[in-house]
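Just below is one structure, and these are the notes that go with it.
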Amino acid sequence: MPSMRRLAKCGFFLTCLLLTISCSRPLSLDSEVETCPQQVPNPPEVTSFYEDDPTYVDPDVSPTNFETTTPESQGMISQRLASGAALLETVPQALSLLVIRNGKLVFERYFHGSQSNHANNIHSASKTLLSGLIGIALEEGFIESIDEKISDILPQDLNFNEKAKSLTVKHLLTMSAGFDWKEDQSESLIENEENWLQAILNLPILQTPGTAFNYNTGLTHLLSAVLTESSEMDTCNFGSKYFFRPMGISIKHWGRDPQGYYSGGYNLYLTALDLAKVAQMYLQKGEWDGKVVVPSHWIQEATQPKIQSEHPQYTYGYLWWLFTAGGHAIYKMWGYGGQYAYLVPDLNLVMVTTADTKEVYPEFDADNFLLNQIIGAVTPLVPATNR
């Protein structure tokens, strides 16, 4: 059922009737072809918050848009990178290692049977992609500001208690809504409820919103619903139109909840090259192939520290992990089990790893791996450039 916000966007109802225009979607999107693949299971059949993490094989690998060159041509030491790859191969769940310097792919390795056309669940690394989608929605005018209350956007049949009515888009972006949420535990409670959005909103709010960080995948799922309701496109098709398609990325699979909302910040499956494209686009201040994908001012704002995280070494931006190592400011996309994309702006450097999460493995220390094996392979012979 359309919310009052949707009906208001349609304008005067009689005009809509005379022009035979449906009020379920903005005019500019009517001609858009739905590009998201048929998702299985169907929403009424969804029973689990997290999926079993199968590997999807992309039969048509899209062009990488990366020029491939030697590490030495970009001021990196091949032998050091190769030794890093050998070390990573000893990690049983590791699937890939990609290194991009100065916009060029200088190193690409796959492990344990993985291949370049294998798409795996990137888990919470997709939260940082969602940050970009919100930046686009703000730029396009679908969301008025990050201070807009989510109760003004989400469906009117959802119940908000007085504390929940104060929640804003910014609170979701900064993991500071204050809900009583224990990551990797609360999800099992949510998945047993008929309406996951309502179940999240029903949780007690223990802290004043905006005052304390508490990592909460429920918040990014609410954010996906905010994006859907404000744009009147589901998150998958919005992302395909504005974010993925401009970079030549096809979505292999994206999970949904029982109401049909696409998973916010989890259950998105991409290849390692897809994730590398996203990271490089962010490093290029939102541009890809000469076109703006995400507004540069949003990326600049999103990668500024907004709140101290629960980990002393990290601050948190708008769904970005931020830290400093070896004198370098580093922006991190972090997904469960070994899904990482690191941006090192002053070196014009990107590192991406993906991993298998069908089984439970201890996570490897990717921060130290980046510092010692990848940043450690950089020489002063070729400076960081955008050429």
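The values are calculated or read from the model by the stated rules, or taken from the named source; none is laboratory data. This is a predicted model, so every value here is computed, not measured. Methodologically, a virtual Cβ is constructed for each residue, glycine included, from the backbone with ideal geometry; neighbour enumeration extends over all protein chains shown. These accessible areas exclude ligands, DNA and RNA; they are computed on the full protein's heavy atoms, side chains included. Shrake-Rupley method; radii C 1.70, N 1.55, O 1.52, S 1.80 Å.
Summary table
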item: Those residues of the stretch 76-90 which are within 21 Å of W334 (Cα to Cα) and buried (at least 20 other Cβ atoms within 10 Å of the Cβ), in sequence order; result: G84, L88
item: Matching entry among S240, S250 (being in a helix (DSSP H, G or I), among the polar types (S, T, N, Q) and either open to solvent by 30 Å² or more (accessible area, probe 1.4 Å) or closer than 26 Å to V293 by Cβ (or both)); result: S240
item: Criterion (aliphatic (A, V, I, L, M) and under 14 Å from the mean Cα position of the chain (by Cα)) met by exactly one of A302, A212; result: A302
item: Subset of the stretch 342-363 that is of a type in the set (A, V, I, L, M, F, W, C) and more than 21 Å from the chain's Cα centre (by Cα) - its residue that is least open to solvent (accessible area, probe 1.4 Å); result: L347
item: Every pair of residues 6+ apart whose Cβ atoms lie under 6 Å, when the first sits in the stretch 362-376 and is under 16 Å from G335 (Cα atoms) while the second is β-branched (V, I, T); result: F364/V91
item: Any hit, the stretch 302-317, residues being without any contact (Cβ under 8 Å) to a residue 40 or more places away in the chain, among the basic types (K, R) and not in a helix (DSSP H, G or I); result: no
item: Sole residue being more than 22 Å from G265 (Cβ to Cβ) and free of Cβ contacts under 8 Å to residues at least 60 places away in the same chain, chosen from K149, K104; result: K104
item: Residue tally, condition under 23 Å from S231 (Cα atoms) and open to solvent by 10 Å² or more (accessible area, probe 1.4 Å), over the stretch 255-281; result: 6
item: Restricting the stretch 282-300 to residues that are without any contact (Cβ under 8 Å) to a residue 40 or more places away in the chain and more than 19 Å from L347 (Cα to Cα), the residue that is surrounded by the most Cβ atoms within 10 Å (Cβ to Cβ); result: V292
item: Residue satisfying condition, being free of Cβ contacts under 8 Å to residues at least 24 places away in the same chain and not charged (D, E, K, R), within set I205, I190, I200; result: I200
item: Strands (runs of 3 or more DSSP E) wholly inside the stretch 39-157 that include at least 1 residues being within 30 Å of W196 (Cβ to Cβ) and at pLDDT 95 or above; result: 94-101, 118-121
